[in-house]
1. If Leu68 passes every condition in (1) of a type in the set (A, V, I, L, M); (2) modelled with pLDDT of 65 or more; (3) assigned to a helix (DSSP H, G or I) but one, which one does it miss?
2. Kindly indicate which of Arg187, Arg213 is under 27 Å from the mean Cα position of the chain (by Cα) and not hydrophobic (A, V, I, L, M, F, W, C).
3. Being of a type in the set (Gly, Ala, Ser) and either part of a helix (DSSP H, G or I) or surrounded by fewer than 21 Cβ atoms within 10 Å (Cβ to Cβ) (or both) is the filter here; which residues of region 102-127 pass it?
4. Go through the residues of region 138-149 one by one and say whether even a single one is part of a helix (DSSP H, G or I), of a type in the set (Asp, Glu) and farther than 19 Å from Val70 by Cα.
5. Quick one: in region 216-234, of everything that is within 30 Å of Asp103 (Cα to Cα) and over 27 Å from the mean Cα position of the chain (by Cα), which residue is surrounded by the fewest Cβ atoms within 10 Å (Cβ to Cβ)?
6. Inspect region 151-159 for any residue being free of Cβ contacts under 8 Å to residues at least 24 places away in the same chain and of a type in the set (D, E, K, R) and give the result as yes or no.
7. Can you tell me which residue within region 183-215, out of those that are more than 19 Å from Thr111 (Cα to Cα) and aliphatic (A, V, I, L, M), is surrounded by the most Cβ atoms within 10 Å (Cβ to Cβ)?
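The values are calculated or read from the model by the stated rules, or taken from the named source; none is laboratory data. This structure is a prediction, so every number in the text was calculated from the model and none was measured. All Cβ positions, even for glycine, are placed from backbone atoms using ideal geometry, and neighbour counts span all protein chains on display.
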Amino acid sequence: MIVPFDTEPEGEELEQEEKELEKHGLHFELSRRRFMQTAGVISAGVAVGAHNAGAAETPGSKTQAITLKVNGQSKALSLDARTSLLDALRESMELTGTKKGCDHGQCGACTVLIDGRRVNSCLTLAFAAEGSEITTIEGLATHSDPKDASELHPVQAAFLEHDGYQCGYCTPGQICSAVAAVEEHKRGDLSIVSFHTGKVDHPEMTDDEVRERMSGNICRCGAYPNIVAAVRAVSGASA
């Protein structure tokens, strides 16, 4: 006799049923039922224990003092040690020009400059950037409140001139990355395209060079041709 799970017998009725199962040789059903009963008790105990352990081990948010130098100005903050540079900039310093895209270091929307080197701020701990010069999109212009293109960084002006954006969400990261890419080219840094073409002595910033050097920045609108044109214009490459 098999009883549905939602009407399991109890007490004397359960004892009588077990005797009936043994009498008719239904040891499998008896073992299954005892296993389910035991497993249910153990699972309930584990669940309660895990909940209590989690509650006991969850610490309060612990913050530490940190000073970040961003766009030439130092600011003292109190941050959780796990805070990313991206969140520190956006949430604690209200520098929202740096965008949160994928939050996995794959799209480049959060690109900023640390000591002139481009980094994904979503993958950089704020505490790892302490003591460095951090530059965001807000700090590139030559004037704090630019009124025309002459007061912008040359890369910003080139993006405007060549319409290197559409929705604009990725643009701050694109521009910061382009600033570093142009400087890397001036230093003579090479890309994989340089080696493939054999032009390893100050290669020209061709379309392929720009695409490779800017490949870490995604534009979901597809404004790549204009972005390439803007970067080439700043680097002084011939058309």
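1. Going through the list (1) of a type in the set (A, V, I, L, M); (2) modelled with pLDDT of 65 or more; (3) assigned to a helix (DSSP H, G or I), Leu68 breaks only (3).
2. Arg213
3. Listed by number, the residues that qualify are Gly105, Gly116, Ser121, Ala126.
4. no
5. Only one residue fits best here, namely Ala229.
6. Yes, the conditions are met somewhere in region 151-159.
7. The qualifying residue surrounded by the most Cβ atoms within 10 Å (Cβ to Cβ) is Met205.
Okay, residues lined up against (1) modelled with pLDDT of 95 or more; (2) part of a strand (DSSP E or B); (3) farther than 20 Å from Cys122 by Cα:
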{"site": "His51", "(1), (2), (3)": "no, no, yes"}
{"site": "Ala55", "(1), (2), (3)": "no, no, yes"}
{"site": "Leu79", "(1), (2), (3)": "yes, yes, no"}
{"site": "Ala88", "(1), (2), (3)": "yes, no, no"}
{"site": "Glu94", "(1), (2), (3)": "yes, no, no"}
